[in-house]
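Single-structure report; data block below.
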Amino acid sequence: MLFAPLFGYLGDRYNRKMLMMTGLSIWIAAVFASSFCAEGHYTLFLILRGVVGIGEASYSTIAPTVLSDLFSGAQRSRVLMVFYFAIPVGSGLGFIAGSGMATLTGSWQWGVRFSPIVGLICMALMIFLLEEPVRGSCDGARQSGDNASWWDDVKYLVSIKTFCLATVASVASLFSIGAMSWWTPEFIESSWAVINKKPSVPEEQTTYIAMIFGLITCAAGILGVATGSILSRAWRDGKSIFRNKASEKADVYVCAISVFVALPFLFLAISLAHHSMNISLILIFFGITSMCLNWAVNVDILMYVVVANRRATALAVQTMLAHMFGDASSPYVVGVLSDWFKGDDMSIYAKFFAMQKALYLPAFVLVIGGAFYLAATFFVEEDRKEALFQMDAPDNWDNHHNDSDDMDSLIQSGQVVGREEGPATVIHSTMTPSPEVGTAATDSA
């Protein structure tokens, strides 16, 4: 989380392939080394697991910008959708494969070492197949400017209203996702005990609930990411159910709708948990699916409201803030609230109803996220055109509905236009032309 801004700054200026390979190397080494931590080396194990985050910060902030320079328009949206499948699919497969390897070998260490082996395969693919694209090449950018500092980048990002509003909305969304992901298994366990009038939860029931919740998270993530990307693209192009209703604001609308729709599902899941565990789990599935609608779409928004040479920094800053004040903080906040509601009563009933009250907070925080996404609809068109103006790039909006859905054309359009050998040039955004000037310049281009 804390290293994301560093990799964002470097990713906007230097060879992104080398940066991702460096981060992946750190990740592989840290995960592999943690598997050798013997009993009594818990602190070292925690440190190594923390170092894993440094590697993740590299490719999670840089990879989307590389994809944005390989694809554009509808193709970019689809590729980002596939990329963000990695979150639910990777989590699910990692749990299944790691557990299977540990069971097969009779050693948890080999369950951990399975991931670095896959990492080495990814490293080989990156070395031999990935080429560094020119920044902004797919947008037709013809930009120039002087090198700017990281602080100049931040000041530029703050000037983009859509970026600021979407970042606050992302914080609210991840606050809810983080709290629900952390506390839902324990909450459902307590609901089982309350429904069955048991003082505690058997170990086999705990394992069963954890497995079910893992499957729900994985399936909901896949369905949510795919549905969100498909809906936003269809709305943006005026196709399918949105025929003749194309809108440049479609992406932001989808993000707002996703969090607003998730709210009633989560509220009902929490409220009905002491009546039916199964109904609660079904409602949680739909709630998580709704919250996942905006994962890829939110990044797609950043890619077209921010100039090419500052996209990695934009994604890094948003990632840091969203994790810091979102999913990294919310489990603690909900835990403190639950303990406060529970008081000195240590019964399973007190635990359940205290957690139930505490979980209403992350559910209603979604209202804040939806409100800020809606506010962003007032600025997203202007910010997109301003980014194109600063990159001296053409506005191909009118041609988006003509994008081919053929997979062959998608692959062909991903061919690399060129390679950068030195640091990329950064836009210095001291000039803020009026929307009319920006639009005129774009039309002439």
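Table for the structure above
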| read-out | value |
| --- | --- |
| The stretch 330-379, residues that are assigned to a loop (DSSP other than H, G, I, E, B) and closer than 30 Å to Ile160 by Cβ | Thr377, Phe378, Phe379 |
| Scope the stretch 1-54; condition closer than 21 Å to Pro116 by Cβ and outside any helix (DSSP H, G or I); matching residues | Phe3, Ser35, Phe36, Cys37, Ala38, His41 |
| Complete set of residues in the stretch 94-133 that are modelled with pLDDT of 80 or more and part of a loop (DSSP other than H, G, I, E, B) | Leu130, Glu131, Glu132, Pro133 |
| Residues that are surrounded by fewer than 19 Cβ atoms within 10 Å (Cβ to Cβ) and either among the aromatic types (Phe, Trp, Tyr) or assigned to a loop (DSSP other than H, G, I, E, B) (or both), drawn from the stretch 250-286 | Phe260, Phe267, Leu272, His274, His275, Ser276 |
| Residues satisfying the stated conditions in the stretch 223-249, i.e. of a type in the set (Asp, Glu) and assigned to a helix (DSSP H, G or I) | Asp237 |
| Where a residue in the stretch 55-67 is in a helix (DSSP H, G or I) and its partner, wherever it lies, is β-branched (Val, Ile, Thr), with Cβ under 7 Å and at least six apart | Gly55/Ile26; Ser58/Thr22; Ser60/Thr319; Thr61/Thr319; Pro64/Val299; Leu67/Val79 |
| Test result for Lys357, modelled with pLDDT under 90 and among the basic types (Lys, Arg) | no |
| Failed condition for Ala166, given (1) assigned to a helix (DSSP H, G or I); (2) closer than 30 Å to Ile270 by Cβ; (3) in contact (Cβ under 8 Å) with a residue 60 or more places away in the chain; (4) in contact with a Ser or Thr (Cβ under 9 Å, 6 or more places away or on another chain) | (4) |
| Flag if Leu2 is touching a helix residue (DSSP H, G or I) at 6+ places or on another chain (Cβ under 9 Å) and more than 22 Å from Gly94 (Cβ to Cβ) | yes |
| Where Asn147 falls short, out of the listed (1) among the polar types (S, T, N, Q); (2) closer than 30 Å to Cys255 by Cβ; (3) assigned to a loop (DSSP other than H, G, I, E, B) | (2) |
| Options Ser181, Ser191, Ser200; residue that is small (Gly, Ala, Ser), out of contact with any strand residue (DSSP E or B) (no Cβ under 7 Å at 6 or more places or on another chain), over 26 Å from Val380 (Cα atoms) and surrounded by fewer than 16 Cβ atoms within 10 Å (Cβ to Cβ) | Ser200 |
| Residue in the stretch 69-86 that is within 20 Å of the chain's Cα centre (by Cα), of a type in the set (Val, Ile, Thr) and assigned to a helix (DSSP H, G or I) present | yes |
| Identity of the residue in the stretch 340-357, among the aliphatic types (A, V, I, L, M) and touching a residue at least 60 places away in the same chain (Cβ under 8 Å), that ends up surrounded by the most Cβ atoms within 10 Å (Cβ to Cβ) | Met355 |
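The values are calculated or read from the model by the stated rules, or taken from the named source; none is laboratory data. Worth saying up front: this structure is predicted, and the values here are computed from it rather than measured. A quick note on method: Cβ atoms are made from the backbone with ideal geometry, for glycine too, and the neighbour counts reach across all protein chains shown.
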